[in-house]
Amino acid sequence: MKGRLFVLRIIGILAFMSVGYIIYYTIGSGKPRSFWQDKLESINLYGQKGKFVDASGTPVDLLSLSGRPALFSFVFLKCRLSCPVIIHELKKVRPLLPGELRFVLFLFDEERQSREDLEEFFRTYEINAKDWLVLQGEKDDISSLARVFRLQYSEAEEDRYNYMHTNFFALADSSGQIKLQIRGFEKDSEDFYRKIAEALQ
């Protein structure tokens, strides 16, 4: 019993120290800060390695995207739970944001999706390849990119309820530096738009 209490006390102390560190990190500068945002500030999207292709199968080097800011997220092609919400939120703010802002969706899918599946994806969400860049890559390249942004994901065969992943949005400036990241969904689209618009300034 004493041994168990000792272990519980150690766990409690470590948890307290961890919470204290995060609180200090968050408010230590005298203004609210995002713990995860600060960790991503040094990441450059366009500098990431990997082989990616667009919906037409054309190879895309992320470095070639530099010169324009990008609002991007990650989805599964056939997910019918949170992925439609991600795309819906992006569609709602699309007309309100500058035309130069590129919208990019990276596919979590580890298997290469067919041209027909991608065409159905565009039809389902009423988006087009001209305004939306949908990128898929090799399994290792996608998992590597997901690790950079600390994203978790997994999938099961033929079950729409088994696509599990972090709901994530991020904004990169024209040089690829991360200016904003959002995990989860904002309480309303106005807040979502406001954060993006402010980060673009």
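The values are calculated or read from the model by the stated rules, or taken from the named source; none is laboratory data. Given the structure is predicted, the values throughout are model-derived calculations rather than measurements. Neighbour counts are summed over all protein chains in view; Cβ atoms, including those assigned to glycine, are modelled from backbone coordinates with ideal geometry.
Here is a yes/no grid of residues against (1) out of contact with any strand residue (DSSP E or B) (no Cβ under 7 Å at 6 or more places or on another chain); (2) farther than 15 Å from A172 by Cα; (3) part of a loop (DSSP other than H, G, I, E, B); (4) among the polar types (S, T, N, Q):
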| site | (1), (2), (3), (4) |
| --- | --- |
| K49 | yes, yes, yes, no |
| S73 | no, no, no, yes |
| K78 | yes, yes, yes, no |
| C83 | no, yes, no, no |
| I127 | yes, yes, yes, no |
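Go over the candidates I142, I196, I178 one by one and state the one that is out of contact with any Asp or Glu (no Cβ under 8 Å at 6 or more places or on another chain) and hydrophobic (A, V, I, L, M, F, W, C).
I196
So if I check each of F168, F121, which one is touching a Lys or Arg at 6+ places or on another chain (Cβ under 6 Å), surrounded by 11 or more Cβ atoms within 10 Å (Cβ to Cβ), assigned by TED's automatic domain parsing to the domain that holds A55 and among the hydrophobic types (A, V, I, L, M, F, W, C)?
F168
Being under 23 Å from E155 (Cα atoms) and in a loop (DSSP other than H, G, I, E, B) narrows it down to one of R68, R112, so name that one.
Sole residue among the options that is under 23 Å from E155 (Cα atoms) and in a loop (DSSP other than H, G, I, E, B): R112.
Hey, any hits in region 143-156 for a residue that's of a type in the set (K, R) and either more than 15 Å from the chain's Cα centre (by Cα) or crowded, with 18+ Cβ neighbours inside 10 Å (or both)?
Looking for residues that are of a type in the set (K, R) and either more than 15 Å from the chain's Cα centre (by Cα) or crowded, with 18+ Cβ neighbours inside 10 Å (or both), one finds none in region 143-156, hence no.
Within region 56-75, which residues are within 17 Å of K139 (Cα to Cα) and surrounded by 21 or more Cβ atoms within 10 Å (Cβ to Cβ)?
L62, F74, V75
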